[in-house]
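Below you'll find the structure, written out as structure tokens, and then a few comments.
Nothing in this text is a laboratory measurement; each read-out follows from the coordinates by a stated rule. Owing to the predicted nature of the structure, the values given are computational and were not obtained by experimental measurement.
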């Protein structure tokens, strides 16, 4: 029996697995002392997100249809990275693949758990500046639309609820706070 905080794990059984996730069934004793079950989704990769900013205050977002929610979504460039690879390297790869942008400067601004009641997915978000532009190289299963817009416009989209992707919402709110308090500026 394994004890973690007030929970006791009696048995763990993997029920489903893909190259990206696994789902396990846990027999547990909950904090009240009662027997129960818990389902946990394990993400094999780390999530990375990037807010590219140029010296004029512009950013780039990516639009794509998201199958699980059956909706089109505007998001910061984001994706997964192998856990044994430095997260910033995965972020650099994702930004280049999805938008064709390379950046000279990378600043980590946020680490977050995306749905810690049911999964162990963790995300790291960066601001990228000192941008140069090349042709995008999306994965073959990605049909992406790239949009350049003023960061202030993206902030407005988040505040109006037009953008709801969790990485994007958290990243945009954090960048806005950093711009407001002087902890970040538009730079070359």
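Measuring between their Cα centroids, the stretch 15-30 and the stretch 48-123 lie 25 Å from each other.
For the stretch 2-43, the relative contact order comes to 34 percent (Cα pairs under 8 Å, sequence separation of at least 6).
Working note: 222 nm ellipticity from helices only, DSSP H runs with n ≥ 4, each -39,500 (n - 2.57), summed and divided by the residues of the chain, gives -6000 deg cm²/dmol to the nearest 500. Relative contact order, percent, of the chain when contacts are C-alpha pairs under 8 Å separated by at least 6 residues? Reported relative contact order: 22 percent.
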